[in-house]
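One structure is given here, and the rest of the page talks about it.
The values are calculated or read from the model by the stated rules, or taken from the named source; none is laboratory data. As the structure is a prediction and not an experimental result, all values here were calculated from the model. Backbone-built Cβ (ideal geometry, glycine too); neighbour counts: all protein chains shown. For accessibility, only protein heavy atoms count, side chains too; no ligands or nucleic acids. Shrake-Rupley method; radii C 1.70, N 1.55, O 1.52, S 1.80 Å.
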Amino acid sequence: MHELTTTRSNPQIDPSLHIWGWEIPVYLFLGGLVAGIMIISGYFLFKGRYKHSYFSCFWLPHISLVLLSAGMFALFLDLEHKLYVWRLFTTFKVASPMSWGSWILILVYPTLLASTLTRVPPAFQNRIKLFDKVSAFINQRPQLVKNIGVLSMIVGAILGMYTGVLLSALGARPLWNSSILWVLFLTSGLSAAAAFVHLITDDKYERELLAKADNGFLIFELFLFAQFIIGLLSSTQVHQNAAHLILSGPYAAVFWVFVIGMGIIVPLIIQLLAVNHKVQHTPVAPIMVIVGGLILRFVIVDAGQFSRWTIAGF
Amino acid sequence: MARLGMVIDTKKCVGCMDCVVACKTENNVPEGYNKDWIVQETKGAFPTLTTEIRSERCNHCDNPPCVSCCPTGASHVHELGKVVLVTKNECIGCKACVASCPYDARFIHPDGYADKCTFCIHRVEKGLDPACVSVCPTHCMYFGDLDDPNSQVSRLLASRKNHSLMPEVGTQPRIFYLR
Ligand code: SF4
Ligand code: SF4
């Protein structure tokens, strides 16, 4: 027998930690989605797709700006001392992933802005002279466009990794103590982004390419989940307990049904059939992937807070 | 520089909660919140059960994850005794420190900043003991410099069996419990 009783009952702490509600999972999901979109649009810029369509070079970065701002707004809503938010930018703390994150987000905006200016559609030209000038300057230099594409891919990858590192750096929560989490979140972000672009692009080539790429991301994500879980199960008792929270505990139903089943396996089957021309491309599979990615963040953030180092129950 | 810590004799602690009340009064702790609390731990198999009663609080760890994860520097190690503190008007309430503490010793104050035990730094600066230590009716709590081999806390640790909480987490807590 091993039993602990405590007189502590701090709000949001006891009986189990619940300091982060919907805002952080939404922020992490939108951060990952934008990271994935930046990698995809960066790749398209690098490959010269901007010459054929405005979608990857103009619309995707614009959509990213909106999604990222929505994510940052969710983060802002989560802060308990909102008036002091500017403190994030008066210092840089090397050991704090959150400090890294706030500065990375500052890098993301100019990168997206540079991407939007590689080729501006006629309807948006002659509005702001400075933008026209910069756009003409970039557009006439294919090597510069390629460099912006590479920058977009790098900054996107860092952003995607950061969404996982933010959690895995918090060693007090055994479920998050995994060196796989950043790759998992980056891949999930890429997969959601591929699904998102697949869903909204009107370019057949891009749709087909991204459906194929997404199948690869989804298969890789399944492999990463296996690694993530095996890593926890082969670690200490507290890590095993944390893994069981999602495998067979209170989060298992949501994890297996919505994250693995409806978020990965079912859309993967549909998309495999679609790319092999057995069924038509429909919005069903990409929507499932996007929703699955969002639910994944909720499950990991919630179950991670529930996981703890004490083996005895309070 | 001193390294302040606490030693608590679990053989003397009766779990009366005077330390909890003293902390609430001294530090104006909001209703429903605790900066210190009492834990009763029972282990073993009948009939050889053992129970330990402990007064717990922030461990003012030597390797505090709550300080390293803080993006603004609000959580910091104070020069006086390496006490771990929060500067309220630098805290944005991001709660990273709350999530990073394996002891769940922190909470968000209703005014929005991260809060926890301060070892009553305002009293320590005046040469006094923390309120919980000075009020304990069984005198089971001791406070002092762990780096001074002649301090009462160091001598107790050298002469009695003791343990800290979850040392395996690696935060190097500075509160020790005498068995
Ligand atoms: S007990 Fe928690 S809050 Fe206190 S110093 Fe250690 S990690 Fe930080
Ligand atoms: S809640 Fe405050 S003290 Fe804690 S990590 Fe965030 S800014 Fe720092």
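Residues in region A:274-301 that are charged (D, E, K, R) and open to solvent by 20 Å² or more (accessible area, probe 1.4 Å): A:278 only.
Yes/no matrix, rows are residues, columns are (1) crowded, with 20+ Cβ neighbours inside 10 Å; (2) in a helix (DSSP H, G or I):
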{"residue": "A:68", "(1), (2)": "yes, yes"}
{"residue": "A:88", "(1), (2)": "yes, yes"}
{"residue": "A:113", "(1), (2)": "no, yes"}
{"residue": "A:120", "(1), (2)": "yes, no"}
{"residue": "A:123", "(1), (2)": "no, yes"}
{"residue": "A:132", "(1), (2)": "no, yes"}
{"residue": "A:145", "(1), (2)": "yes, yes"}
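Checked against the criterion of being of a type outside the set (A, V, I, L, M, F, W, C), out of contact with any His (no Cβ under 7 Å at 6 or more places or on another chain) and open to solvent by less than 40 Å² (accessible area, probe 1.4 Å), the candidates A:227, A:305, A:237, A:271 yield just one match: A:271. For residue B:22, work out the one condition from (1) more than 10 Å from every other protein chain (Cβ to nearest Cβ); (2) near ligand 2 (Cβ under 10 Å from one of its atoms); (3) touching a residue at least 24 places away in the same chain (Cβ under 8 Å) it doesn't fulfil. For residue B:22, the failing item is (2). Checking B:103, B:113 one by one, the residue that is more than 18 Å from residue B:29 (Cα to Cα) and among the hydroxyl-bearing types (Ser, Thr, Tyr) is B:103 and no other.
Every test in (1) open to solvent by 70 Å² or more (accessible area, probe 1.4 Å); (2) away from every other protein chain (no Cβ under 14 Å); (3) assigned to a helix (DSSP H, G or I); (4) farther than 18 Å from residue A:51 by Cβ is passed by residue A:127 save one, and that test is (3).
For residue A:263, the conditions (1) in contact (Cβ under 8 Å) with a residue 40 or more places away in the chain; (2) open to solvent by less than 10 Å² (accessible area, probe 1.4 Å) are fulfilled apart from (1). Based on this model, can you work out whether residue B:84 counts as hydrophobic (A, V, I, L, M, F, W, C) and open to solvent by 20 Å² or more (accessible area, probe 1.4 Å)? Criteria not met by residue B:84. The single residue among B:102, B:71, B:110, B:65 that is over 14 Å from the mean Cα position of the chain (by Cα), under 17 Å from residue A:17 (Cα atoms) and surrounded by 20 or more Cβ atoms within 10 Å (Cβ to Cβ) turns out to be B:65.
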